[in-house]
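Beneath this line is the structure, given in structure tokens, with notes to follow.
Each reported figure results from applying straightforward, stated rules to the coordinates on display, with no laboratory input. Keep in mind it's a predicted model, so treat the numbers as computed, not measured. Positions of Cβ are generated from backbone atoms using ideal geometry, with glycine treated the same way; all protein chains shown enter the neighbour counts.
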Amino acid sequence: LRALQGTASEAVHDFEGLLRDKKFVSEGAIRFGLAVALARKRDWVAAEQELLLARKLKVTAAILERQLAEVKLAQGDASAALTIYREAMVRYPLNLALNYGYGQALIKLKRYDEALKFADMQLQSYPQDVRLHKMRAESYAGLGRGAQQHQALAEVFSLQGQTAGAIEQLQHAQKAEDANFYEQSVIDARLRELRKRLLEEQKERRN
């Protein structure tokens, strides 16, 4: 949290001062904070160095691995970034932030098919995870599949309790005209379901 306060330069200066004056309980934690501040400053090389030092000092945390992966990604080393994410997801299987980061990394790299498959796989375990549905929508957008993009966005709105917004997205999906017969049938069925839900919600509000 301290690494995110003030300007990036101020945060870097603060953490460098703590290291210089040895004002810390855990050097590894301070080096991690410095790495976050350096990443804010877009000093990727220095940020990576501090993260690796924190690792050597036995700082083990999913957030460190995600930060390191993002730094690698910022430096254009996509292969290393994805490897770090994959290894971290094995070590921290319940950490959803790593899942989100990995999926977004795939999208940044325009590996939309992989991002979509990953989101679908994760949704089997977390079917009501809004961010995973957003990941699907972004993946479909990258693939140029408008109907599926709007269908995925409809689920985002639905999960957020915005039934009218979900209906609007499904109407956009119908107009996109790039869905096959089966996909269109699914969209139509979901639209009927949500319209029924909206009527029930409106009835409840009147009562």
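Tabulated data for the structure shown
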quantity: Among the candidates Val71, Val59, Val36, residue that is out of contact with any strand residue (DSSP E or B) (no Cβ under 9 Å at 6 or more places or on another chain) and farther than 24 Å from Leu106 by Cα; calculated: Val59
quantity: Of all residues making up region 130-166, the number that are among the acidic types (Asp, Glu) and more than 19 Å from Leu194 (Cβ to Cβ); calculated: 1
quantity: Residue satisfying condition, being under 18 Å from Pro127 (Cβ atoms) and touching a residue at least 12 places away in the same chain (Cβ under 8 Å), within set Ala179, Ala152, Ala164; calculated: Ala152
quantity: Complete set of residues in region 41-75 that are among the hydrophobic types (A, V, I, L, M, F, W, C), within 18 Å of Val90 (Cα to Cα) and assigned to a helix (DSSP H, G or I); calculated: Ala62, Ile63, Leu64, Leu68, Ala69
quantity: Among the residues listed as Tyr126, Tyr112, Tyr85, the single one being within 30 Å of Ser26 (Cα to Cα) and among the aromatic types (Phe, Trp, Tyr); calculated: Tyr85
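One line per residue, one yes/no per condition, for (1) assigned to a helix (DSSP H, G or I); (2) hydroxyl-bearing (Ser, Thr, Tyr); (3) crowded, with 16+ Cβ neighbours inside 10 Å:
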position: Lys110; (1), (2), (3): no, no, no
position: Lys117; (1), (2), (3): yes, no, no
position: Asp120; (1), (2), (3): yes, no, no
position: Leu132; (1), (2), (3): yes, no, yes
position: Arg192; (1), (2), (3): yes, no, no
